[in-house]
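The structure appears right after this line, and notes come after that.
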Amino acid sequence: MGQSKDTSTKPLVVIVDDDPAVRTSLAFLLETEGIAVRTYATGAELLADVPPAACFIVDHKLPGMSGLDLLAELRHRKIVAPAILITTHPSAAVRERAATSGTVLVEKPLLGDALFHEVRSALRP
């Protein structure tokens, strides 16, 4: 099950990444900005316990299913919160599928503030 902080008054960002260091560092960054975070290591974990998220940050290369497949399943379940796909060296097919599905793609390594900028954009009313 995902780890979480109090989400009663803060927007919730869900992070799905199989790398514990990435999950921890992204959660820390967002929490220091006043954003509640819940993390999951796999798509299956998230699908078993989908919280009311304001935004999803999903790694493309996950065990069991790709990040884009996970996002497609969320959409199939009528979960339409904005999503950000993070990946290293995305192929043209991944870029096209992300663009077609309306998913923002941010390349790893996550340098600068590109990811944080996209999260802030996703959380704007």
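The values are calculated or read from the model by the stated rules, or taken from the named source; none is laboratory data. Owing to the predicted nature of the structure, the values given are computational and were not obtained by experimental measurement. Quick reminder, even Gly has a Cβ in these numbers, built from the backbone with ideal geometry, and neighbours come from all protein chains shown.
Count of the range 93-116 residues, restricted to those that are of a type outside the set (A, V, I, L, M), under 21 Å from Ala72 (Cα atoms) and touching a Ser or Thr at 6+ places or on another chain (Cβ under 9 Å), is 2.
May I ask you to list the residues in the range 39-52 that are more than 10 Å from the chain's Cα centre (by Cα) and crowded, with 22+ Cβ neighbours inside 10 Å?
Listed by number, the residues that qualify are Gly43, Leu46.
Look at (1) buried (at least 16 other Cβ atoms within 10 Å of the Cβ); (2) over 13 Å from the mean Cα position of the chain (by Cα); (3) among the charged types (D, E, K, R) and you find that Arg23 fails only one, number (2). Using the structure shown, decide if Thr39 is within 23 Å of His117 (Cβ to Cβ), in a loop (DSSP other than H, G, I, E, B) and either hydroxyl-bearing (Ser, Thr, Tyr) or at pLDDT 95 or above (or both). No.
Any chance the range 98-109 includes a residue that's over 19 Å from Ala27 (Cβ atoms), over 15 Å from the mean Cα position of the chain (by Cα) and not polar (S, T, N, Q)? There is at least one residue in the range 98-109 that is over 19 Å from Ala27 (Cβ atoms), over 15 Å from the mean Cα position of the chain (by Cα) and not polar (S, T, N, Q). When the range 109-125 is filtered for residues that are part of a helix (DSSP H, G or I) and either touching a residue at least 40 places away in the same chain (Cβ under 8 Å) or of a type outside the set (A, V, I, L, M, F, W, C) (or both), the ones remaining, listed by number, are Leu115, Phe116, His117, Glu118, Val119, Arg120, Ser121, Ala122, Leu123.
Every test in (1) farther than 20 Å from Leu123 by Cβ; (2) among the hydrophobic types (A, V, I, L, M, F, W, C); (3) in contact with a strand residue (DSSP E or B) (Cβ under 8 Å, 6 or more places away or on another chain) is passed by Ala21 save one, and that test is (3). Counting just the residues of the range 53-103 that are part of a loop (DSSP other than H, G, I, E, B) and among the basic types (Lys, Arg), which one comes out surrounded by the fewest Cβ atoms within 10 Å (Cβ to Cβ)? Among those residues, the one meeting the criterion is Lys78.
Taken over the range 17-54, the residue count meeting the criterion of being touching a helix residue (DSSP H, G or I) at 6+ places or on another chain (Cβ under 9 Å) and basic (Lys, Arg) is 1. Val106 fulfils the conditions (1) assigned to a strand (DSSP E or B); (2) crowded, with 20+ Cβ neighbours inside 10 Å; (3) of a type in the set (Val, Ile, Thr) except for a single criterion, (2).
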